[in-house]
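Engineer: Okay, handing you the structure first.
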Amino acid sequence: MIGRLWRTWQARRDEAAIARRAIPDDLWRRTLVRYPFLRRRDAADDEALRRLASLFLDRKEFHAAGGLRLDNAMAVAIAAQAVLPVLRLGLGRYDGFVGIVVHPDQVVAHREVADEDGLVHEYDEVLSGEAMSGGPLMLSWRDVRGAGRSAAQGYNVVIHEFAHVLDLADGAADGVPLLPPGLARGEWLAVLEPEFERFCERTERAEDTALDPYGASSIDEFFAVASEAFFVAPRAMRAEHAALYALFARFFRQDPENETAPQRGR
């Protein structure tokens, strides 16, 4: 009885949120034109993605930085890409943070790292996005805006950073998100680690790869880089990482190569 009442209340709450943050038809169509990898073959999946984007807009707080003027089209573009990985996992996967800070361009972050001997090394790092446990999450609008064009290279800063959110759900940045029943950590690592090692070997040989070479920097970055390619360049990703693609298809419960709608002319 209590469970049924809770589900009814939750459904009503979600419907009210969707009504508050309804995405106009014209704006949704323009978003799909700008980011073709969002288009679903199944109309029900397309509608589910749109509803989830509305819920995301209702639950998250957007903040503009660096003089950027954030409008509805920009917020919808970010929301639609952010919810793509959790289309069948549920928006609850993102409950651990609220704030999203959007900069006009990449930002320079000053870093300090202590080595094994206790010496502190300082350096500057150029960031197009950053996710941290508990938030906020940072994005460069220039990179978000260009995601439709950069998809062919397997690059998508929004999906990359939200893959980190999934990874950090258990508090550890180790390339292992919270896995569903039937997919054990050992089984996950039995695929992820060898794929990562082979990828590192290829990048050391300066080979061309379907994934961003940045993924060789650590296994958590490999997971994020592979996740973005899985959704925006699935054919190329699957051709080079068939076992990893199959593993991701089980985890995300999606098959982007077969579920993404063919591109249409304008």
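Engineer: Calculate the FRET efficiency for Asn72 and Arg202 from the Cβ-Cβ distance with a Förster distance of 30 Å, rounded to the nearest 0.05.
Structural biologist: 0.10
Engineer: Taking the Cα atoms only, what angle lies between the long axis of helix 219-232 and the longest principal axis of the chain, rounded to 10 degrees?
Structural biologist: Computed tilt is about 50 degrees.
Engineer: By count of other Cβ within 10 Å, fewest leading, how are Asp143, Asp95 ordered?
Structural biologist: Values: Asp143 20, Asp95 11.
Least crowded to most crowded, the residues run Asp95, Asp143.
Engineer: What value, in deg cm²/dmol to 500, does the helix sum -39500 (n - 2.57) over DSSP H runs of n ≥ 4 give at 222 nm once divided by the residues of the chain?
Structural biologist: Numbers: 12 runs with 134 residues, N = 266.
One gets -15500 deg cm²/dmol as the mean residue ellipticity at 222 nm.
Engineer: Loop sites only, by DSSP: take the GluC sites (Glu not before Pro) in the chain that have at most 14 other C-beta atoms within 10 Å and name the longest stretch containing none of them.
Structural biologist: Free of exposed loop sites, the longest segment is 1-115.
Engineer: Show me the trypsin sites (Lys or Arg not before Pro) within region 1-92 that DSSP assigns to loop and that have at most 12 other Cβ atoms within 10 Å of their Cβ.
Structural biologist: Loop-located and lightly packed - Arg41, Arg69, Arg88.
Each reported figure results from applying straightforward, stated rules to the coordinates on display, with no laboratory input. What you are looking at is a predicted structure, and each value in this text was computed from that prediction instead of being measured. Cβ sites come from the backbone with ideal geometry, for glycine too, and all protein chains shown count toward neighbours.
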